[in-house]
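Here is the structure we will look at.
The values are calculated or read from the model by the stated rules, or taken from the named source; none is laboratory data. Everything numeric here is computed off the predicted structure, so don't read it as measured data. Counting neighbours? That spans all protein chains shown, and the Cβs are built from the backbone with ideal geometry, glycine included.
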Amino acid sequence: MTLGRLLGEAGLGLVYGGAQVGLMGALADSALASGSEVIGVIPRSLAGVEVAHQRLSQLVLVETMHERKALMAQEADAFAALPGGFGTLDEFFEILTWAQLGIHAKPCVLVNTGGYYDQLLGFLQVAVDQGFLKPENYALIHVVGNAADALKCMQRLWQSLPVSHVAPAEPAP
């Protein structure tokens with residue numbers, strides 16, 4: 001998985017939902033293999049269902065999905081949504097809502113691999129056009145086409161974050 005490898009090469013870590021299976025499990029494995037610290041956060045009730053990853057740098061068991069999302073948001077310096085389903089959309093839209101409300105100023109990147117999110121982005125544009133979503137809030141979504149562009153986007157946006165947010169240092173060339 002390209003994003004995991006790139007995170008490791010850049011000296012960055014990964015905070016994610018803690019599962020061993022699926023796309024996120026592959027991302028975690030790739031990040032670990034590339035030297036990243038990988039923190040998984042999973043509710044106890046899902047540890048068996050989602051098959052909690054046992055080889056992480058740290059696996060945190062929490063009681064609720066709300067605790068999971070809050071801890072991931074606290075520990076992360078940016079948010080990237082890869083193609084996914086309801087869980088991905090739920091977490092990404094919640095973090096976007098928090099950005100809209102000023103709870104955080106961290107980059108929110110949507111990785112639109114192969115146009116996966118084109119129809120969603122079209123729907124959001126309709127919401128803007130009809131006045132249900134402000135253009136400046138729609139602009140909180142930074143759309144990229146691949147993992148390499150996601151990392152570049154996050155690194156560029158970290159440079160403009162408020163001083164109160166400590167962004168990771170860029171590795172030496």
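Data for the structure
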quantity: Yes/no for F79 being closer than 22 Å to Q155 by Cα and either touching a Leu at 6+ places or on another chain (Cβ under 6 Å) or buried (at least 17 other Cβ atoms within 10 Å of the Cβ) (or both); calculated: yes
quantity: Those residues of the stretch 10-33 which are at pLDDT 95 or above and touching an Asp or Glu at 6+ places or on another chain (Cβ under 6 Å), in sequence order; calculated: G13, V15
quantity: Residues being in contact with a Cys (Cβ under 6 Å, 6 or more places away or on another chain) and among the small types (G, A, S) - total across the stretch 100-138; calculated: 0
quantity: Tally, over the stretch 9-64, of residues that are of a type in the set (D, E) and either free of Cβ contacts under 8 Å to residues at least 24 places away in the same chain or on the phi > 0 side of the Ramachandran plot (or both); calculated: 1
quantity: Which numbered condition M72 misses (of (1) free of Cβ contacts under 8 Å to residues at least 12 places away in the same chain; (2) under 19 Å from G4 (Cα atoms); (3) in the same structural domain as I39 (by TED's automatic domain parsing)); calculated: (1)
quantity: Residues of the stretch 29-61 that turn out to be β-branched (V, I, T) and over 13 Å from Y16 (Cα atoms), as a count; calculated: 2
